[in-house]
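Accompanying notes for the structure given below.
The values are calculated or read from the model by the stated rules, or taken from the named source; none is laboratory data. It should be emphasised that the depicted structure is a prediction, and the values quoted were computed from it without experimental measurement. Neighbour counts run over all protein chains shown; Cβ positions are idealised from the backbone, glycine included.
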């Protein structure tokens, strides 16, 4: 947030990692499997992870996500691996744990919840190892499948408590069925 002639809230931005300029965070979504099958879309050394988080960014030269998606170098996606593990709770993990705890509140189709103002993209990704990543050019993994994505894949998973993580398995589709296997 910044104060000038008015109050503005700015989206987080990224640059570097061979990106063609600055990219602005637009959305975050998850991909998962089932209680028994890992659901990441990327395999790291042949291994799938429990959940894969995508933070979708648009190039700052485009005014919206749709326009950016239809242009080369228009999108950058951070792919973050997440595994369920009984790890001791630490202050650094509170953001991502809080994010997954809130999933319990939005189980039903099109429900909404409000998070504490301390829950930010920075707090969710606090434990991310920014020094270890892979990059490649590819496409979105959701319909549209635009081939305009600069992927930045972080192979080292963030570990979260299964009690929080399993909230993804409570989410439901419009027809009331459990939302599972949201990966490709």
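Points to keep in mind about this one:
- Positions within region 143-165 being surrounded by fewer than 17 Cβ atoms within 10 Å (Cβ to Cβ), in contact with a strand residue (DSSP E or B) (Cβ under 8 Å, 6 or more places away or on another chain) and not in a strand (DSSP E or B), in sequence order: 147, 162
- Lone qualifier among 161, 167, 127 - being within 16 Å of the chain's Cα centre (by Cα) and in contact (Cβ under 8 Å) with a residue 40 or more places away in the chain: 167
- Breaking point among (1) surrounded by fewer than 16 Cβ atoms within 10 Å (Cβ to Cβ); (2) in a helix (DSSP H, G or I), for residue 135: (2)
- Filter pass, residue 89 being over 13 Å from the mean Cα position of the chain (by Cα), assigned to a helix (DSSP H, G or I) and at pLDDT below 95: no
- Pairs meeting the criteria (first residue in region 65-76 and surrounded by 13 or more Cβ atoms within 10 Å (Cβ to Cβ), second residue part of a helix (DSSP H, G or I), beta carbons under 9 Å, at least 6 apart or on different chains) are 74/65; 74/67; 74/68; 75/65; 75/68; 75/69.
- Hits in region 142-154 (condition: closer than 13 Å to residue 78 by Cα and either within 14 Å of the chain's Cα centre (by Cα) or modelled with pLDDT under 90 (or both)): 151, 152, 153, 154
- Failed item, numbered, when residue 122 is tested on (1) within 24 Å of residue 18 (Cα to Cα); (2) in contact with a strand residue (DSSP E or B) (Cβ under 9 Å, 6 or more places away or on another chain); (3) surrounded by fewer than 16 Cβ atoms within 10 Å (Cβ to Cβ): (2)
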